[in-house]
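Only the coordinates and a few stated rules stand behind these numbers; no lab work does. Keep in mind that this is a model prediction, so the values were computed, not measured. We place every Cβ from the backbone using ideal geometry, glycine too, and count neighbours over all the protein chains shown.
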Amino acid sequence: MTITGSEIMERLKFATRTIYLRSETQRDTLIQLARNLPLDKEKPLEIVVREKQKARCLDANSLMWAGPLKDISEQALFAGKKYSAEVWHHYFKCEFLPEPDFCDADLVKDGYKKWEVAPDGTRVLVGSTSDLTKRGFALYLTEIEAFGANLGVMYSFILPRLRLSARILA
């Protein structure tokens, strides 16, 4: 049996590419890229075409800090203790940021990771609310507000939240 060079070599890992189709130049780039993609029965490449995801806006982030995080930190007792907005923020990211393998792709930006593994093998939270799309952030805020409501929190930011929710989802 003769082994050829192509049977010995494994192809290199293909780097993720994102191309936004705005003009003929980007379309031509995409076509040229597709013509040169490696064909691999064992480890095929996946091609996804979709609308560009809208990232959450800074207004939404400000709302989270001035609204539910502030109200929860001032009012909520959890196991008989109050916690700062920063502690709640970290807690909610651990609890409510989507798990990449189990969420809709339209909730997070491309390349999203929630966890990395530290040298000692422990999981480290690396996910951020800035990695969420507008829809993902709206869902995240809803989960935070529901959590606080279950602890008896009365929100002071209801009308601005309703107006911003309409903009987040637009």
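Brief remarks follow.
- Protection proxy ranking, peptides 129-136, 140-147, average beta carbon neighbours within 10 Å, highest first: 129-136, 140-147
- Arranged from fewest to most other beta-carbon atoms within 10 Å of their beta carbon, Trp65, Trp88 become Trp65, Trp88.
- In terms of other Cβ atoms within 10 Å, Phe78, Phe92 run from fewest to most in the order Phe78, Phe92.
- Rough spin-label spacing in nm, given labels placed 7 Å along Cα→Cβ, for Lys113 and Leu39: 3.3
- Dipole in debye (nearest 20) - the stretch 104-150, about Cα centre, beta carbon charges: Lys, Arg +1; Asp, Glu -1: 60
- Cross-link reach is defined here as a Cα-Cα straight distance under 16 Å, omitting same-chain residues fewer than 8 places apart; for Lys43 the aspartates and glutamates meeting it are Glu7, Glu10.
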